[in-house]
Every structure is written in C-alpha cells, then in structure tokens.
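> Sharing a structure with you now.
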C-alpha cells in the first residue's frame with residue numbers, strides 16, 4: 001500500500017474560522033505545557049518525559065484543561081515525541097550547529113486528525129463535515145483516490161485555508177510507456193538542467209524577477225506602526241507576494257518533473273549536497289531559487305508512479321572532468337564552458353558532457369545494460385543541443 005496526499009482549498013465561514021483558531025490556540029498551549037513539564041522533570045529528577053507513551057499519559061492528565069478534539073490533542077504529543085526523536089538522532093550523528101532542542105511555540109497554524117473514524121466526511125462534492133468545526137465549503141477540483149486516513153487543516157500566512165488528505169492506495173505495478181528511454185540530468189545555475197540528449201532547460205530565476213517588488217513591499221512593512229491594522233494588512237500582502245513566487249516555482253518544477261518521468265524510463269541525477277552548497281554566500285540565493293532538492297524529490301515519486309526508475313549518483317563523481325568519448329580525465333574550472341579533450345580532441349558543451357557521464361554512471365550503479373536516450377549520446381556536434389524555453393517542453397504533442 002502507498003500513501004498519497006491530496007491538497008484542497010477550503011472557505012470556512014467566520015464562525016468556523018474562530019473555532020479552528022481556538023483549536024490552534026489549544027494545541028499551542030498544550031505543546032508548550034508538555035515541553036515545560038518535560039524540561040522541569042529532567043531538571044529535578046534527571047529523567048525525561050520524551051517517549052510517546054509517557055507523553056500520551058501526560059496528555060490524558062492535562063486534556064481536561066483543554067477543550068478540543070481528543071485526536072487533535074493526542075496528535076500534539078505525537079509531534080513532540082517526533083521532535084525529541086529527531087533531536088536525539090542529531091546528537092547521535094554529531095551534527096554541529098543543528099542540535100535543535102524542541103522549542104516553545106508562539107503560534108500553531110495547523111491541526112491534524114490522525115484517524116478517520118467519523119471525524120471528517122464528505123457531505124457532497126462542495127462540502128466537508130469536520131467534527132467540532134461544521135460543514136466547510138471545499139474546492140474539490142479532483143476526487144481523492146483510495147481511503148482517506150488523516151486530515152490536516154492549515155492556515156497560511158496569507159490568510160488562506162487548506163486541507164490535506166493522506167490516502168492509502170493499492171501499490172499496483174505500472175509498466176512505463178517508453179521502456180528504452182534513458183536520460184542523465186546535469187543541474188546548474190546558468191541553465192536549470194542539461195539532458196544527455198543535448199536538451200537545455202533554461203533557469204527561470206523567479207526570485208530575480210520578483211526581487212524589486214518584494215524589496216519595495218518589505219520597506220513599506222518596516223514603516224508601518226507596530227501592532228497596527230495597516231501593518232497586518234501589509235504583512236498579508238507581502239505573504240501573498242511570496243506565495244505567488246512559490247506557486248510559480250512549484251508549477252514549473254511539477255510540469256518539468258512530470259514531462260521527464262513520462263518521457264524517460266530511467267533517469268540518472270547527481271546527489272547534490274545543497275545544504276553545504278548554500279554556505280557559499282555568493283551563490284546561496286541562486287541555489288535556493290532553483291530548488292534542486294524539491295525537484296529531485298518530485299522526480300523520485302513521479303518516476304515510481306510512472307513505472308520508471310530514478311538513480312542518484314555519488315556527489316563526488318567527477319562528471320565534468322571526464323571525457324564522455326574516451327574517458328580521459330582533466331581539470332575543468334568553472335570558467336570553461338566547452339569541454340575540449342586533450343587526448344581524443346572531442347569538443348562538447350561542458351554541461352552535456354556531464355549529463356552523459358551522469359547517465360553512464362547511473363546505469364553502472366543500477367546494473368543496467370545499454371544506453372539509449374532518444375539520440376546518440378556520443379555525438380560531439382554542438383548543433384545537436386537545443387534550448388527549451390519555459391512551457392515548450394511541457395507540450396506532449398511536440
């Protein structure tokens with residue numbers, strides 16, 4: 001069985017918003033109380049209350065002081081337990097600067113119903129009934145598949161409301177419609193990606209296009225009086241601008257990842273250490289804007305759903321220094337954009353050469369045989385490369 005998430009926009013009434021925000025307040029206070037008792041117990045007795053069983057027992061003692069749904073309250077203890085587990089795991093792995101002891105919360109903007117035992121159900125395609133909240137209008141743009149297991153209600157910083165279902169569906173084997181197509185992908189900053197068949201996907205640079213407007217809105221926010229309605233209105237306006245930026249980026253990544261996973265049965269990509277790369281202050285903004293980690297995650301689950309395979313090769317593999325024709329290895333500083341082999345004389349764009357090497361290394365890693373990626377990978381003719389602008393690669397009719 002697989003779990004698949006479905007996200008929908010909801011439009012709660014004024015009274016329903018008040019009920020939801022009261023639930024948020026209850027969860028915030030309970031989280032802080034559980035954390036305070038856990039810390040105080042450890043300080044006095046040296047024993048910590050961090051296990052799920054202990055936190056559940058403590059929640060049962062405290063829940064009479066809080067008016068909320070029993071499952072929602074219990075889920076607060078479950079989330080705190082996961083925070084403690086992650087904290088201990090980071091200590092065990094000795095991650096410097098990332099220990100991150102669980103913190104007190106100033107606000108909580110989401111609640112979760114972890115079980116579907118009548119807590120939520122559809123009345124029709126336009127309304128969802130949630131226990132203690134009421135019948136909430138919903139924009140059901142697609143019918144969720146499978147059996148809904150959990151429900152999460154969330155309020156964004158732009159004052160929009162969403163719900164997410166986690167549905168359990170049967171894991172049926174799927175056969176890819178292009179079983180012979182394989183591709184290697186080299187991610188970059190000058191171009192978002194270069195494929196081993198020579199296709200170049202331009203970097204959209206969404207942040208750069210919105211930066212002037214965001215700076216202007218930030219200045220307006222800083223000039224508003226603290227605590228005033230005008231400052232809150234400006235905060236919501238700024239949050240919506242950032243939400244638009246995020247939606248633009250996600251739309252591009254979703255469409256691109258869908259196209260690639262539908263077109264290619266086997267995809268090889270580098271396992272980039274993004275968390276270390278963003279420590280470079282000159283490139284951190286550009287790297288964050290590309291969202292390589294999000295893109296890789298999308299490729300992973302979409303390739304699996306389409307019946308394909310995704311392989312991540314070692315980040316220390318010298319894909320840009322090896323000749324894709326003869327295997328010769330030579331130094332390649334970032335300023336050199338054309339790979340000129342000193343041994344066989346091959347001349348090929350740097351990124352295309354890397355993509356071909358990534359594909360070959362991915363095939364070796366996965367134990368596959370043969371290379372076929374909609375074209376001859378050993379071709380050194382630069383005219384074989386083509387630049388794909390936003391939107392054109394997503395048209396399956398081409």
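Read-outs throughout are calculated quantities, based only on the coordinates presented, and are distinct from any laboratory measurement. No experiment lies behind these values; they were computed from the predicted model shown. Ideal geometry is used to build each Cβ from the backbone, glycine not excepted, and the neighbour counts take in all protein chains shown.
> Out of these labelled values of Cα extents along the principal axes in Å, (1) 78, 51, 49; (2) 60, 51, 40; (3) 76, 48, 42, which was calculated from the coordinates shown here?
For Cα extents along the principal axes in Å, the calculated option is (1).
> If you don't mind, there's one more thing I want to ask. Could you please state, rounded to a whole Å, how far the C-alpha centre of region 225-264 is from the C-alpha centre of region 58-137?
Using only Cα atoms to place each centre, the spacing works out to 25 Å.
> Using a 10 Å cut-off on Cβ atoms, rank the peptides 118-129, 175-186, 346-357 from the highest mean neighbour count down.
346-357, 175-186, 118-129
> Using a Gaussian network model of the chain with C-alpha springs under 10 Å, which one of 95, 71, 321 is most mobile by mean-square fluctuation?
With Cα springs under 10 Å in the chain, the top fluctuation among 95, 71, 321 is at 95.
> Ranked highest first by the average count of other Cβ atoms within 10 Å around their residues, in what order do 242-250, 45-53, 293-301, 263-271 fall?
Descending mean neighbour count gives 263-271, 293-301, 242-250, 45-53.
> Which distance in nm do the two modelled labels at residue 41 and residue 17 give, with both placed 7 Å along the Cα-to-Cβ direction?
Between residue 41 and residue 17, the simple spin-label model gives 3.9 nm.
> Out of 193, 303, 284, any idea which swings most in a Gaussian network model of the chain, alpha carbons joined below 10 Å?
284
> Here's something else I'd like to know. Work out the P(r) tail for region 191-237: percent of alpha carbon pairs separated by more than 18 Å, whole number.
Of all Cα-Cα distances in region 191-237, 53 percent exceed 18 Å.
> Let me make sure I get this right: for region 2-169, a, b and c are the square roots of the gyration tensor eigenvalues over alpha carbons, sorted descending. Under 1.5 in a/c it's rounded, otherwise prolate if a/b > b/c, else oblate. Which is it?
Because a/c hits 1.5 or more and a/b exceeds b/c, region 2-169 counts as prolate.
> For every helix of n ≥ 4 consecutive DSSP H residues, a contribution of -39,500 (n - 2.57) applies; sum these over the chain, divide by its total residues, and give [θ] at 222 nm rounded to the nearest 500 deg cm²/dmol.
Computed ellipticity for the chain at 222 nm equals -13500 deg cm²/dmol.
> Counting pairwise Cα distances across region 23-94, what percent come out greater than 16 angstrom?
47 percent
> Can I ask one more? Over region 182-394, what is the mean sequence separation of C-alpha contacts under 8 Å (at least six apart), divided by residue count, expressed as relative contact order in percent?
Relative contact order of region 182-394: 32 percent.
> While we're here: Using Cβ counts within 10 Å as a stand-in for footprinting exposure, how do 112, 13 rank, fewest first?
Arranged by neighbour count, lowest to highest, 112, 13 become 13, 112.
> Give me the distance between the Cα centres of region 2-57 and region 314-353, rounded to whole Å.
So the two Cα centres are separated by 53 Å.
> Here's something else I'd like to know. Can you tell me which of 206-215, 157-166 comes out highest on packing, and rank the rest after it, using the mean Cβ neighbours within 10 Å?
157-166, 206-215
> Once both labels are modelled 7 Å past Cα along the beta-carbon direction, what's the residue 142-residue 330 spacing in nm?
4.8 nm
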